[in-house]
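Here's the structure, in structure tokens; my notes come after.
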Amino acid sequence: MLIAERFLMLVLDPTRGTLALARHDEDTASLCAAGLLLELVAQRRLVASHQRLVLDDSLPPNHPLLGQAGAVLGSLVRPDAATAIAQVARRVAHLPRTLLDSLCRRDLLHRYRDWKFWQADSLRYPLRSRQALNEAVHSLEAATSAPSDLGGLGLMVLADVAGVLAHHLDALHYDHASKALLTLNYAIEEDTPRGAAALIRSALLM
């Protein structure tokens, strides 16, 4: 499961099937776009160089959405993290819905339209697999004690920015997560994948 997919499981209201972000000013598409970038970081295909993002495109993408995100990055010239997030969110069409539909096709979510509303966001995705949600929460918990796991770190970044970190972690795990995220403040100038994760987090917090 992609980092962005696990993130959506964590912010989804399991009964209503709507996204329940604690910080309503956050753009879901931007968070999902950041999730794709953090996936590339976890695969060590996206690194930082002089506080810019650099993609290693020598390997073929192992997921269509990562291929699209990589194509967007390839069209930019050493973008900063904020530009990269904004462009992926804009140019990968209907990203949150695409991710939710993918979870639905794998029988992890239901999908129906609430006919009381005519807007485009009338689609609902109630939880179908409690096990899938538990696995996403377990991934988040495990990441708190494995700060070198870039995939887990990426999930913590998204959950923290969205304001749902404390909702899924007990006090001890939350303390560990907070300390792990704090270390990213000192990695922002590193020319490493971890430095790229720090840049993405900083851009989301701006």
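Has the stretch 91-112 got any residue that is assigned to a loop (DSSP other than H, G, I, E, B), under 26 Å from Met206 (Cα atoms) and of a type in the set (D, E, K, R)? No.
Conditions tested, residue by residue: (1) in contact (Cβ under 8 Å) with a residue 60 or more places away in the chain; (2) open to solvent by less than 30 Å² (accessible area, probe 1.4 Å).
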position	(1), (2)
Ser148	no, no
Ala171	no, no
Thr192	yes, no
Ala198	yes, yes
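Filtered by the rule that a residue be open to solvent by 30 Å² or more (accessible area, probe 1.4 Å) and not in a helix (DSSP H, G or I), the stretch 150-169 gives a lone residue, Gly163. Of all residues in the stretch 131-144, those that are touching a helix residue (DSSP H, G or I) at 6+ places or on another chain (Cβ under 9 Å) and more than 17 Å from Arg194 (Cβ to Cβ) total 9.
For Leu36, the stated conditions do not hold, so it cannot be described as without any contact (Cβ under 8 Å) to a residue 40 or more places away in the chain, touching a helix residue (DSSP H, G or I) at 6+ places or on another chain (Cβ under 7 Å), closer than 20 Å to Leu150 by Cα and in a helix (DSSP H, G or I). Of the residues making up the stretch 66-76, at least one is free of Cβ contacts under 8 Å to residues at least 60 places away in the same chain, touching a helix residue (DSSP H, G or I) at 6+ places or on another chain (Cβ under 9 Å), open to solvent by 20 Å² or more (accessible area, probe 1.4 Å) and in a loop (DSSP other than H, G, I, E, B).
One residue alone among Arg91, Arg111 is of a type in the set (Lys, Arg), open to solvent by 80 Å² or more (accessible area, probe 1.4 Å) and touching a Cys at 6+ places or on another chain (Cβ under 6 Å), and that residue is Arg111. Summed over the stretch 1-10, the residues that are at pLDDT below 95 and closer than 14 Å to Val161 by Cβ give a count of 0.
The values are calculated or read from the model by the stated rules, or taken from the named source; none is laboratory data. Predicted model only: the values in this text are computed from it and were never measured. Backbone-built Cβ (ideal geometry, glycine too); neighbour counts: all protein chains shown. Side chains included, ligands, DNA and RNA excluded: accessible areas come from the protein's heavy atoms. Shrake-Rupley method; radii C 1.70, N 1.55, O 1.52, S 1.80 Å.
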